[in-house]
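Below is one structure, written out as structure tokens; comments come after it.
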Protein chains: 2
Amino acid sequence: MPQNKQILLDNRPQGEASVSNFKLVTTETPALKDGEVLVKHHYMSLDPYMRGRMNDAKSYAQPQELGKVMQGGTVGEVVESKSPKYKVGDKVVGMGGWQEYAVVDAEKGYLQKVDTTHVPISHYLGAVGMPGVTAWYGLNRIIAPKAGETVVVSAASGAVGSAFGALAKARGLRAVGIAGGKDKCDYAVKEIGFDACVDYKQHEDAASLSKALKDACPNGIDGYFENVGGMVMDAVMLRLNSFARIALCGMIAGYNGKPVPMSYPQLLLTNRVKLEGFIVSEHMDVWPEALKELGMLVGSGKFRPRESVAEGLEAAPEAFLGMLKGKNFGKQVVKLA
Amino acid sequence: MPQNKQILLDNRPQGEASVSNFKLVTTETPALKDGEVLVKHHYMSLDPYMRGRMNDAKSYAQPQELGKVMQGGTVGEVVESKSPKYKVGDKVVGMGGWQEYAVVDAEKGYLQKVDTTHVPISHYLGAVGMPGVTAWYGLNRIIAPKAGETVVVSAASGAVGSAFGALAKARGLRAVGIAGGKDKCDYAVKEIGFDACVDYKQHEDAASLSKALKDACPNGIDGYFENVGGMVMDAVMLRLNSFARIALCGMIAGYNGKPVPMSYPQLLLTNRVKLEGFIVSEHMDVWPEALKELGMLVGSGKFRPRESVAEGLEAAPEAFLGMLKGKNFGKQVVKLA
């Protein structure tokens, strides 16, 4: 059996996460039992939600266990099979974690075959995977936009944000992004098709960012997909129309232990806002429909998602910490083979 | 025609509202035109939403106009009629404003006959009026409780809060109030039937209040009706269960111009909370059903709402400002006749 490099959570962050929280080990992959398959990972996914799980705090997911392989999405290829369901060479998406190989029980474990004819395999971790479905759910099930409305998304050049923009434009909405830096904003407008993108790094406070949003959203904001929290959310809230909807999906700003307050909660009342926090894995019923649309958008070339690719398992911790600080550009993955 | 004392909004508050914002005037009631009725007010309503309208700021309602009679709910008796719809002696609820008499167009104006056989007329401003329907809407349409759940309301001894408690107990839920002071908490438990009531004045910060809520809500909080905002809301949010619902109805703490932040917005995400701000006048479809249930609860004596009664129009500004500081006990009304 091949050797398997793995990254474990060694200790929990005190405040900001650091590379010293992780530990690289090498193990033997165990011999397969009946019903199991061995998957060689081509790519693994790095996602903001992982930071939340590193804390030992009440959250929507169980905390990541200490001393265990970091959990996360993976795509790869079946290289050995003792299950009639999979044969060697099958391309699969799963939750294999931060390691080069995973042994998966074909009955109980999460594993799905994917078609890589038109969609590059890594996109099943991004636009045609969990981040894409996340965008789809927030747009369709929470924001539920009406024709002519304006929707806004933060972290617009990221995996979720870019999928949100592509889906919103496919529906003919006015889609406005918020991102950090000219490059990301240019990409959002020119490559994804956002009508406008506001660079939050050009603004020192919510009032200033809010003014820029007024220009980008002359009819106000009807739907907001929140990936960030903090000042960006405050600025958007100052531009909400009555009966606006907020899909609350991420609050990177709050993950480092210190909660970031919402400055103007009374606007939720005066504008009669509906806000809903959600995690897409609790809404598995929408996945088939969402993945179908996302697969079509990507497969047809209408939506060309961008990726930041780190090379090799050893690079994962640095890439992960960089992503939390917005250093990635598009979906952050790690290439393992 | 009788003389009519009126209270006008003379100038807008700079920060906290004060009696100097109001002006008392005496006018003649004009002669009735065809289709009009003259209503002599018995009681007028004082409500927190009026403070918001005193500002010249974007809100769900048009600002109260300067130099005009303060708007607000009233109950009274038709004393003169040039409409076939009303006869002298009819008891009516309307939006007559802060004055002793109102001339109302029976076709265009808001006026409804009420039955005072079993329900004292003033309650049509409270438990069997806008505040009661507000509680009903938040409980049934936003919180939508399931059997066995725990619901919490702030300002529990007030007009909305007490109606919320009575409705929640009629549904067999665990109902927990939050109120300021031992008297209000005792009333909430002994008279309204709340299972428990927490006195927020015994707590210096949200963490301390939150601990007290843990004892009162051993199974966590599934639904929260928010009348207050600020520290009380923060404390409740720390005890929310997954998939909790928040009906956002009032934020007294924020009405004086300075927004009060929400300290832990990330809990909306980690607990996948649904939050909805609403104003009951935008949901007129529920009023008949809600008023029917509330009228039965009050008429049968199962729900005995408490009132703070100020005497005479001149007392209205002081009573209003006191209510904003929580000095009232139950629904605040002004007796005019």
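Every number in this text was worked out from the coordinates using simple rules, so none of it is lab data. All values derive from a computational prediction rather than experimental measurement. All Cβ positions, glycine included, derive from the backbone under ideal geometry; neighbour counts span all protein chains shown.
Can you list, shortest first in nanometers, how far A:SER20 lies from the same residue in the other copies, with each label 7 Å from Cα toward Cβ?
List, nearest first: 6.0 nm.
Just rank B:ASP10, B:ASP195, fewest to most, by other beta-carbon atoms within 10 angstrom.
On the way: B:ASP10 13, B:ASP195 17.
Result, fewest neighbours first: B:ASP10, B:ASP195.
Give me A:SER157, B:SER45 sorted ascending by neighbouring Cβ count inside 10 Å, so fewest comes first. Could the numbers behind the result be given before it?
Details: A:SER157 30, B:SER45 25.
By the 10 Å Cβ count, ascending: B:SER45, A:SER157.
Specify the angular offset, from 0 to 90 degrees and rounded to the nearest 10, of the alpha carbon long axis of helix B:159-170 from the longest principal axis of the alpha carbons in chain B.
That works out to roughly 60 degrees.
Measuring from a point 7 Å past the Cα of B:ALA57 along Cα-to-C-beta, which residues in the range B:13-43 have an amide N at less than 19 Å?
B:13-19, B:21-22
As a test, work out the antiparallel percent of DSSP beta bridges whose residues both lie in the protein assembly as shown, rounded to the nearest 5. Please report the intermediate quantities before stating the final value.
Values: 66 of 118 bridges.
The antiparallel fraction comes to roughly 55 percent.
Using all C-alpha to C-alpha distances in the protein assembly as shown, build P(r) with 10 Å bins and read off the rounded percent in each one.
With 10 Å bins starting at 0, P(r) equals 3, 14, 22, 21, 17, 12, 7, 4, 1, 0, 0.
Looking only at the range B:130-281, where both bridge partners belong to it, what percent of the DSSP beta bridges are antiparallel (to the nearest 5)? List each step's numbers first, then the result.
On the way: 0 of 21 bridges.
DSSP beta bridges in the range B:130-281 are roughly 0 percent antiparallel.
Mind pulling the angle between the C-alpha long axis of helix A:206-216 and the longest principal axis of chain A? Nearest 10 degrees, somewhere in 0 to 90.
Long axis of A:206-216 versus the principal axis of chain A: about 80 degrees.
Kindly give the distances from A:ASP183 to its copy-mates, label point to label point, with each label point 7 Å from Cα along Cα→Cβ, as nm values to one decimal ordered shortest first.
Computed spacing set for this position: 6.7 nm.
Placing unit charges on C-beta atoms (Lys and Arg positive, Asp and Glu negative, everything else neutral), compute the dipole magnitude of chain B about its Cα centre in debye, rounded to 20. List each step's numbers first, then the result.
Working: 39 positive and 36 negative charges, 119 e Å.
Computed charge dipole of chain B: roughly 580 debye.
Only Cα pairs under 8 Å and at least 6 apart count here; give the relative contact order of chain A as a rounded whole percent. Walk me through the intermediate numbers first.
Numbers: 757 pairs, mean separation 58.8, N = 337.
Answer for chain A is 17 percent.
If neighbour count is taken as other Cβ atoms inside 10 Å, put B:PHE164, A:PHE303, B:PHE278, A:PHE329 in order from fewest to most.
A:PHE329, B:PHE278, A:PHE303, B:PHE164
Within chain A, what is the longest stretch that has no trypsin sites (Lys or Arg not before Pro) placed in a DSSP loop and near at most 12 other beta-carbon atoms within 10 Å? Spell out each step's value before the answer.
Details: sites that count: A:LYS33, A:LYS58, A:LYS68, A:LYS87, A:LYS108, A:LYS146, A:LYS302, A:LYS325.
Between exposed loop sites, the widest span is A:147-301.
Points 7 angstrom from Cα along the Cβ direction at A:VAL79 and A:LYS214: gap in nanometres?
Reported label-point gap for A:VAL79 and A:LYS214 is 5.9 nm.
Counting only helical runs of four or more DSSP H residues, what would the 222 nm mean residue ellipticity of chain A come to if each run contributes -39,500 (n - 2.57) and the total is spread over all its residues?
Values: 9 runs with 77 residues, N = 337.
Computed mean residue ellipticity for chain A: -6500 deg cm²/dmol.
P(r) for chain A, please, calculated from all Cα pair distances in 10 Å bins and given in %.
Percent of Cα pairs in each bin: 6, 26, 33, 23, 9, 3, 0.
Rounded, prolate or oblate: which one fits the range A:244-337, using the alpha carbon gyration tensor with axes a ≥ b ≥ c (rounded when a/c is under 1.5, else prolate when a/b beats b/c, else oblate)? It would help to have the intermediate numbers written out before the result.
Details: a/c = 2.43, a/b = 1.30, b/c = 1.87.
Since a/c reaches 1.5 but b/c is at least a/b, the shape of the range A:244-337 is classed as oblate.
What are the lysines whose alpha-carbon lies under 18 Å from the alpha-carbon of A:LYS292, with same-chain residues fewer than 8 places away excluded?
Partners within reach: A:LYS91, A:LYS113, A:LYS169, A:LYS302.
Which distances, in nm and shortest first, link the A:ASP215 label point to the same label point in every other copy, taking 7 Å along Cα→Cβ?
Taking the point 7 Å beyond Cα along Cα→Cβ, the inter-copy spacings are 5.6 nm.
What Kirkwood hydrodynamic radius do you get for the range B:130-281 when you take the inverse of the mean 1/r over all pairs of distinct Cα atoms, in Å? Working shown, then result.
On the way: mean 1/r = 0.0673 Å⁻¹.
Hydrodynamic radius (Kirkwood, Cα only) of the range B:130-281 equals 14.9 Å.
Could you tell me what % of all Cα pairs in the range A:1-156 have separations over 26 Å? If you can, show how the numbers build up before the last one.
Details: 4589 of 12090 pairs.
Of all Cα-Cα distances in the range A:1-156, 38 percent exceed 26 Å.
With +1 on the Cβ of every Lys and Arg and -1 on the Cβ of every Asp and Glu, and nothing else charged, how large is the dipole of the range A:130-281 about its Cα centre, in debye rounded to the nearest 20? Can you show the working numbers first?
Numbers: 16 positive and 13 negative charges, 67 e Å.
Approximately 320 debye in magnitude.
When only C-alpha pairs under 8 Å and at least 6 residues apart count, what is the relative contact order of the range A:130-281, in percent? All intermediate terms of the calculation are to be shown ahead of the outcome.
Numbers: 318 pairs, mean separation 33.5, N = 152.
With pairs under 8 Å counted, the relative contact order is 22 percent.
Given springs between every Cα pair under 10 Å in a Gaussian network model of chain A, which of A:LEU297, A:LEU269, A:LEU125 has the largest fluctuation?
For chain A, modelled as a Gaussian network with Cα springs under 10 Å, the answer is A:LEU269.
Return one quarter of the surface area of the convex hull spanned by the alpha-carbon atoms of the range A:170-227, equal to its mean projected area, in nm².
Values: hull surface 16.7 nm².
Dividing the Cα hull surface by four gives the mean projection, 4.2 nm².
Hey, got the dipole for the protein assembly as shown? About the Cα centre, +1 on K and R Cβ, -1 on D and E Cβ, debye to the nearest 20? Walk me through the intermediate numbers first.
Details: 78 positive and 72 negative charges, 60 e Å.
Dipole size: approximately 280 debye.
Given the C-alpha centroids of the range A:1-51 and the range B:1-20, what is the distance between them in whole angstrom?
Here the two parts' Cα centres lie 69 Å apart.
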